[in-house]
Structures are given as C-alpha cells and as structure tokens.
Amino acid sequence: MSKLLSREHRADSTVRARGGASAFAARLGRALLRFVLLLLAASVIIFVLLRAVPGDPARVALGVSATDEAVAELSHRLGTDRPLVVQYLDWVGGMLTGNFGISMASGTELAPVVAERAGASLTLTVIAMVCSLAIAVPAGTYLARRRGHADAALINALTQVGIVVPSFLVGILAVACFSVRLGWLPANGWGTPSHIVLPVFALTLVQASILTRYVRAAISEELTKDYVRTARASGASVSTALARHALRNAALPVLTVTGVQLSTLIVGAVVIERVFAVPGLGSMLIDAVSTRDLTAVQTVMMCIVAFTLAVNLAVDVSYAAIDPRTRQAGQPGRFA
C-alpha cells in the first residue's frame, strides 16, 4: 500500500512539474512577444516623430549655400528621397542585420561608432549599478535591523540627501574636489580605470540612496511576517532568519525596482557622459541632435529603447526564476 501511494505521489509531482514548466514557458513566450511588439511600436514612433521635424536633412547637413544638385545627390545617397515606408523598412532591416546606416553629418558608417559608444555606456551603467547594489543591500539590511536607532536615522537622512541631489551636480562637485582641488583623478576622458571612478561615483551615489530605501522597506516588511516570527520562536537568530527566509522574499520587490532604476540609470548616464566627456551613446545622441543627424538620432534612441526593454525582460525572467509561484500552473506571476 505504501509503495502504491509513493508511486502515485511521484506521478502527481511529475504532472505538477510538467504543468508548472509549461505554464512558465507560456508566460515567457508572452513576455517575448510583448518585447517584440513594444520594440516595433517604439521604432515606428521614433521614425515618425523624427520625420515630422521640418526641414530637409540633406540641406541641413550640407548648409544653406549648397546647390540643389548637391542636396539631391546626398538625399539619394542617404535614401531620404524614397517613400517613408521604404525608408522605415530599410532602417529596421538594417538594424536587424547590423547595418545602422550612414551618418548624415559625417558620411561614415554608424555601426562601428555605435558599437564603440555602446560599450562605453554599458560599462559605465553596469559598474554603477553593481556598486549601487553592493552598497544598498547591506545598508538597507542594516537599517531594517536597526530601525528606531540613532545611527539608522542618520543613514536615512543621508540617503534622502542622496536622492534629492541630481547626479550631474554630484559629478560637477566631484570634479571640483577630486580633480581640480586635489588632483587625484582626471576630470574627463575615457580609456583607463581612473577615468571611470568619478562618473561611476556620481551615478552610484543617487542610485545607491534610492535602492537602500527600497531594500530597507522590503526587509522591514518581511521581518514582520509570521514565518519570521515562527523562525525566531524556534530559536533562530535575526541573522539566521534573514539569511534563510527574509532576504529571498525581499529580493522580489527589490529586483523589480532594480530593473526600473537600471533603465533610469541609462537616461542619467546621458548627462554624466556629457559632464565627464565620456564617449558613450548619451554624448553621441546630444551631438547628433545638435547637428540634426536624423540617422544617428534614431539609431541611438532605438539602441537605448532596446536595452531598456531587454532589461525589463531579464527582470521578468529573473522574477519568475526566484519566485516558485510563477512556475506553477494557474498562479499569477509578474509577466503573466
């Protein structure tokens, strides 16, 4: 009898596992479909809005003294004399194959330039987010455990200051202090580890302050749950209850906020790149806007949108991997 019940239990577990896997795959498929649709919608919006800007891009690139023949030749070379639908399809097809087109301002291929600039922006963004999490997780955990104490109140006040101070102002103050006055670090440029320190510091200060408050709130909420009280009543210390139970559950809302903040960090990096003369996508976008290089503008904007949507997709998948409920059939998940 016991063997029969054991076989039935194993069979039931197998059915539930298969059902959970199929439900997870279905949710993942919907998330991927939503990613593709949002990417297409963003490409249409960017293309239409930029084409609505008055003026001939070829004439703007050549200047007011250019002849009509020269403008017509450049328009033909850039493809701006073709129907808008054909221009859009060529642009999207080129993006999918790695051909980002030709810059209207310089006449050079955009693909190698975008790849180089994207590498600088991604390096800056990823390092800043890793540093922010490295500060926020222990600091938020400490604040949750020390709630009501004077040291926690002081750290809370510091995080509030970090939130309200803009990152570009932090960058300017950092340059004035560490570059101009002390001469410890270079004020601008790119290429060595010392060039990364100040831009990362400016971005990390704001993001770490925001994430610290979210980590503190998430862990404080988990510490009031019944399962933590049960663990404490069974003799577990606060540290043990945190490590074994609370941190994993608190990671879910923190992961969601991290994805959102990573997207905003990309936008914040645009200004920081300008302050520190970092050759990233942000500075490239500003230069392209100032010269009305529509091809470069739409390409850079599309890269930023694609990266933002990819971050959101990665957060969705990670959320489902961390939360077992999203792997069970019929259970609502973040991207259900």
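From the set of residues in the range 178-189 that are free of Cβ contacts under 8 Å to residues at least 24 places away in the same chain and open to solvent by less than 50 Å² (accessible area, probe 1.4 Å), which is nearest to Glu273 (Cα to Cα)?
Of everything passing the filter in the range 178-189, Pro186 is nearest to Glu273 (Cα to Cα).
Find all pairs meeting these conditions: Cβ atoms under 8 angstrom apart; at least six residues apart or on different chains; first residue within the range 115-140 and under 11 Å from Ile266 (Cβ atoms); second residue polar (S, T, N, Q) and modelled with pLDDT under 85.
Listed pairs, sorted by first residue: Met129/Thr258; Met129/Gln261.
Could you look through the range 190-209, keep only residues that are hydrophobic (A, V, I, L, M, F, W, C) and in contact (Cβ under 8 Å) with a residue 60 or more places away in the chain, and pick out the one that is farthest from Ser283 (Cα to Cα)?
Ranking the candidates gives Ala208 first.
Please indicate, with yes or no, whether at least one residue in the range 89-97 is open to solvent by 70 Å² or more (accessible area, probe 1.4 Å), over 30 Å from Leu262 (Cβ atoms) and modelled with pLDDT of 80 or more.
Yes: one or more hits.
Test Leu255 against the stated conditions and say whether it is modelled with pLDDT under 80, under 15 Å from Val315 (Cα atoms) and either open to solvent by less than 20 Å² (accessible area, probe 1.4 Å) or in a helix (DSSP H, G or I) (or both).
Spelling it out, Leu255 is indeed modelled with pLDDT under 80, under 15 Å from Val315 (Cα atoms) and either open to solvent by less than 20 Å² (accessible area, probe 1.4 Å) or in a helix (DSSP H, G or I) (or both).
Quick one: which residue in His245, His195 is modelled with pLDDT under 85, touching a Pro at 6+ places or on another chain (Cβ under 6 Å) and more than 24 Å from Gln160 (Cβ to Cβ)?
His195
Would it be correct to say that Ala134 is open to solvent by 50 Å² or more (accessible area, probe 1.4 Å), of a type in the set (A, V, I, L, M, F, W, C) and not in a helix (DSSP H, G or I)?
So Ala134 does not fit the description; no.
The values are calculated or read from the model by the stated rules, or taken from the named source; none is laboratory data. Fair warning: this is a prediction, and the values are worked out from it, not measured in the lab. Ideal geometry is used to build each Cβ from the backbone, glycine not excepted, and the neighbour counts take in all protein chains shown. The protein model used for the area step is the full one, side chains on, heavy atoms only, and it has no ligands, DNA or RNA in it. Shrake-Rupley method; radii C 1.70, N 1.55, O 1.52, S 1.80 Å.
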